[in-house]
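Student: Attaching a single structure in structure tokens format; questions to follow.
No value in this document is a laboratory result; all are computed from the given coordinates. Remember, predicted model here, so these are calculated numbers, not experimental data. Reconstructed Cβ throughout: ideal geometry from the backbone, glycine too, with neighbour counts over all protein chains shown.
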Amino acid sequence: MTPLLNQTQVRHVLVSGGTHGNEYTGAFLVRHWLSDQGGLERSNFSTHVLLSNPEAFKICCRYVERDLNRSFNPSGVLANPEALELSRATQIQRELLSKCGGQMPDAIFDLHSTTANMGLSLVFTNREPFNLLLLGYLRERFENVNAYLWEEPESKPGFLNSLSTKGFAIEVGPVANGVLNADLVLKTAQLVFGCLDFIETWNRGEPQALPEAVPLYKFVRHIDYPRTVDGLPAAMIHPQLQNRDFQELKKGDPIFLGFDGTTTHWQGENLWPVFINEAAYYEKGIAFTVTQRLEIELKNLI
């Protein structure tokens, strides 16, 4: 049993969903919690609930004009937002400042779903010790929880959860867009409750059983499909790669299958792919993302 760091108390937590309007898991959970927040209440902090993009949710689309989860500005609100989602991001930031005493929430958990076989996964944007210890806490209590570290120094993607250094996106899948999968909805809710339980113990400084180390899958680069001259994919994810998220990809392994039956093989170093064949990433030029698997010792963070 290891005592947790409690140098900074967490007073305000945001649980958001529907940042992408066709990802029903988080959207329907936060709709429920907006009317019945009992399961989110804890003794030593306040939990706020947000349906992030209600206009996109109404029409079951990822977004109306632009990706809301690429529209936030941690350095401050935009003075003259043009697109609907930029305006919504500005509105959200102002509302959060009002609710949280003039500051952003201490921790944010933004709920997403994916068509990729990501299982129960967390998407980090930093190596904040709080987040790594929380990962260890969750891995002791839930099966097959993985964490992907999207750490791009040159990129400022504007994620909602990037408004706080504590917290992360929760990605569950595979599930089709605009569909509720009861098993994944229940597991997502349990993960959220686990995060809130951790924060309660964090604030109290209570000892917790944690693993010695946790795996962390660090961003290396995105891989696009082969493309035809008109910009459309010239090949598909190979059946032997499909659904192998967080599994090692070795040199010579098949990655793409052309419509003529031609196979493209991986020629790089051994890496671990994530978000394989994510539907929303076709427009972003991403067939899958390759990561490096790291082992992070938790004892150094206590």
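Student: Only Cα pairs within less than 10 Å get springs; with that Gaussian network setup on the chain, which residue of Val229, Val192, Val214 has the largest fluctuation?
Tutor: Highest fluctuation among the options: Val229.
Student: Could you tell me which residue out of Gly119, Leu40, Phe159 lies farthest along the dipole of the chain toward its positive end? Charges go on the beta carbon: Lys and Arg +1, Asp and Glu -1, centred on the Cα centre.
Tutor: Final value for the positive-end residue is Leu40.
Student: Report, in whole Å, the centroid distance computed from the Cα atoms of the range 86-102 and the range 129-202.
Tutor: For the range 86-102 versus the range 129-202, the Cα centre distance is 22 Å.
Student: Given the pairs Lys187/Lys250; Lys218/Lys251; Lys218/Lys299, which are separated by over 23 angstrom at their Cα positions?
Tutor: Over 23 Å apart, Cα to Cα: Lys187/Lys250.
Student: When the chain is modelled as a GNM with alpha-carbon springs shorter than 10 Å, which of Ser43, Ser113, Ser164 fluctuates the most?
Tutor: Ser43
Student: Highest GNM mean-square fluctuation, the chain, Cα pairs closer than 10 Å: which of Gly178, Gly119, Gly136?
Tutor: Gly178
Student: In square nanometres, what is one fourth of the surface area of the convex hull spanned by the alpha carbons of the range 41-194?
Tutor: 9.9
Student: Taking amide H positions as placed in the peptide plane 1.01 Å from N, state which residues far from Asp253 in sequence (5 or more) or on other chains have amide H under 5 Å from it.
Tutor: When sequence neighbours closer than 5 places are left aside, the close amide H contacts are Trp266.
Student: Something else about it: If each residue of separation counts as 0.36 nm, what is the full-extension length gain between Lys284 and Gln9 once their alpha-carbon separation is subtracted?
Tutor: 95.2 nm
Student: Right, another one. How big is D, in µm² s⁻¹, for the chain by Stokes-Einstein at 10 °C and 1.306 mPa s if Rh is the Kirkwood radius over C-alpha pairs?
Tutor: Approximately 79 µm²/s, per Stokes-Einstein.
Student: Report, in debye and to the nearest 20, how large the dipole of the range 112-214 comes out about its Cα centre when Lys and Arg carry +1 and Asp and Glu carry -1 on their Cβ.
Tutor: In total the dipole reaches around 140 debye.
Student: Given +1 on the Cβ of Lys and Arg, -1 on the Cβ of Asp and Glu, and no further charges, what dipole in debye does the range 2-215 carry about its Cα centre, rounded to the nearest 20?
Tutor: The dipole of the range 2-215 has a size of about 320 debye.
Student: Now a separate question. In straight Cα distance, which lysines are under 23 Å from Lys99, not counting same-chain residues fewer than 8 positions off?
Tutor: Lys166
Student: For Glu41 and Arg127, what does the FRET efficiency come to when R0 = 45 Å and r is the distance between their Cβ atoms, rounded to the nearest 0.05?
Tutor: Details: r = 30 Å, r/R0 = 0.67.
Calculated transfer efficiency: 0.90.
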